[in-house]
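J.: Pasting a structure below so you can have a look.
The values are calculated or read from the model by the stated rules, or taken from the named source; none is laboratory data. Values in this document were obtained by computation on a predicted structure and should not be read as measured data. Glycine also receives a Cβ, built like all others from the backbone with ideal geometry; neighbour counts cover every protein chain displayed. Side chains are part of the model used for accessible areas, which takes the heavy atoms of the whole protein and leaves out ligands, DNA and RNA. Shrake-Rupley method; radii C 1.70, N 1.55, O 1.52, S 1.80 Å.
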Amino acid sequence: MIDTNLNGAYYCVQAFLPEMRRRKSGTIINIVSDAGKQASPKAGPAYVMSKFGLAGLTQSINAEERGNGIRACAIFPGDIDTPLLDKRPSPPHAEARGRMLKSEDVAECALLAILLPPRALVEEIVVRPR
C-alpha cells in the first residue's frame, strides 16, 4: 500500500520535476482520498498512512518548487463509484453507489486546478458526495 500510494507518487514526481523545472511551469495533481484528512476504519491503517503521506508530499512540492513555477494540488475525494469498491469485504449496494461521486467529478476538480492561470494555486480540494 505504501509502495503504490506513496512511493509510486514520489518516484513519478521525481521523474517529471527536472523537465518542469527546466520549463519553469507545471501542475502536479495528487488524488489523495478523504482518508488523507481523517482516518476511517473502512480504510485501514496502511491506506490512511499512505494518504496522509501523499498530502505531505503535495505540501512539500508547493513549499520547495513554488519558486520554480511548479504547483501541486491534493484532491481529497470521498467515496467514488468505481470497480474497486467490489473488492471491499462488504461492497456497497446499488443505492449507495448511486449517491457516490463519479470518476469524472474528480477529473473536473483536477482540470480546475490545472487550468487556472499560473499566478493561482489551489493547494487542496475536498470533494464529497452530497
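J.: What are the residue pairs meeting all of these: first residue in the range 55-84, first residue without any contact (Cβ under 8 Å) to a residue 40 or more places away in the chain and closer than 30 Å to GLY98 by Cβ, second residue basic (Lys, Arg) and in a helix (DSSP H, G or I), Cβ atoms under 9 Å, and 6 or more apart or on different chains?
T.: ASP81/ARG97; ASP81/ARG99
J.: Can you tell me how many residues within the range 57-85 are open to solvent by 90 Å² or more (accessible area, probe 1.4 Å) and not hydrophobic (A, V, I, L, M, F, W, C)?
T.: Here the count works out to 4.
J.: How many of the residues in the range 87-102 are open to solvent by 70 Å² or more (accessible area, probe 1.4 Å), in a helix (DSSP H, G or I) and small (Gly, Ala, Ser)?
T.: Residues that pass the stated criteria total 1.
J.: Which residue is most open to solvent (accessible area, probe 1.4 Å), if the candidates are limited to the range 16-56 and must be within 18 Å of VAL126 (Cβ to Cβ), assigned to a loop (DSSP other than H, G, I, E, B) and among the basic types (Lys, Arg)?
T.: LYS42
J.: Based on what the data block shows, is LEU101 aliphatic (A, V, I, L, M), closer than 26 Å to TYR11 by Cα and at pLDDT 95 or above? Quick ask: steps written out before the conclusion?
T.: Working: aliphatic (A, V, I, L, M): yes; closer than 26 Å to TYR11 by Cα: no; at pLDDT 95 or above: yes.
Answer is no for this residue.
J.: Let me confirm something: among LEU57, LEU116, which residue is touching a Phe, Trp or Tyr at 6+ places or on another chain (Cβ under 8 Å) and at pLDDT 95 or above? Don't jump to the end; show me each part of the working.
T.: Numbers: LEU116 fails: touching a Phe, Trp or Tyr at 6+ places or on another chain (Cβ under 8 Å).
That would be LEU57, the only listed residue that is touching a Phe, Trp or Tyr at 6+ places or on another chain (Cβ under 8 Å) and at pLDDT 95 or above.
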